[in-house]
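Values quoted throughout were computed directly from the atomic coordinates according to the rules given, and no laboratory measurement underlies them. This one's a predicted model, so the numbers in the text were calculated from it and none came from an experiment. Because the Cβ atoms are built from the backbone with ideal geometry, glycine has one as well, and the counts that use them run over all protein chains shown.
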Amino acid sequence: MPRLLRLLLAPLCATLVLVSCGTDETATDPPSTGEQTVSESAGPHSAPSGSPTTREAVADLARRLDVAEGDVTVEGAEAVTWRDGSLGCAEKGMMYTQALVEGSRITLRVGEQTFEYHSGGPRAPFLCDNPTQ
């Protein structure tokens, strides 16, 4: 009987050891309800407006609206971990990779209108008309 008990308990003990070795109490999992904010800037012009990603978004919006880049205000920029390949801009009927994607969210303002640009992985920032995250 002791040998049978050892045979039954050995896999359980091995599993517990492996699980406990992988636990880091200081680490946090991304929230299941959306993306994890890694860093955030608050207020106009406090975002890293000199970053290539932000400059691309500003230039794209200025072209779309036919305004000068100086008329586009950076309201905020933040690094995020998107929960899937939609990069927070899912479209109905589309399928996306189910993997976490490091990226950014850039909020721009022209006059009274705000616009969100999302990026992630190798994808350049794009205008997200209907953000889902």
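Near R55, once Lys and Arg are set to +1 and Asp and Glu to -1 for all other residues with Cβ below 13 Å from its Cβ, the sum equals -2.
Distances between placed amide hydrogens fall under 5 Å for V80 paired with V38, G103, S104, R105, all partners being 5 or more residues away or on another chain. A simple packing score, the average count of other Cβ atoms within 10 Å per residue, orders the peptides 60-73, 103-116 as 103-116, 60-73, with the highest score first.
Residue order for Y117, Y96, fewest other beta carbons within 10 angstrom first, comes to Y96, Y117.
A crude spin-label estimate for the pair R123 and E102, with each label 7 Å from Cα along the Cβ direction, gives 1.8 nm. Scalar couplings 3J(HN,Hα) for region 63-68, obtained by applying the Karplus form with A = 6.51, B = -1.76, C = 1.60 to θ = phi - 60°, are 4, 4, 8, 6, 10, 6 Hz; x denotes Gly and Pro. Residues whose amide H lies under 5 Å from that of T132, counting only those 5 or more places away or on a different chain, are C89, A90; hydrogens are built 1.01 Å from N in the peptide plane.
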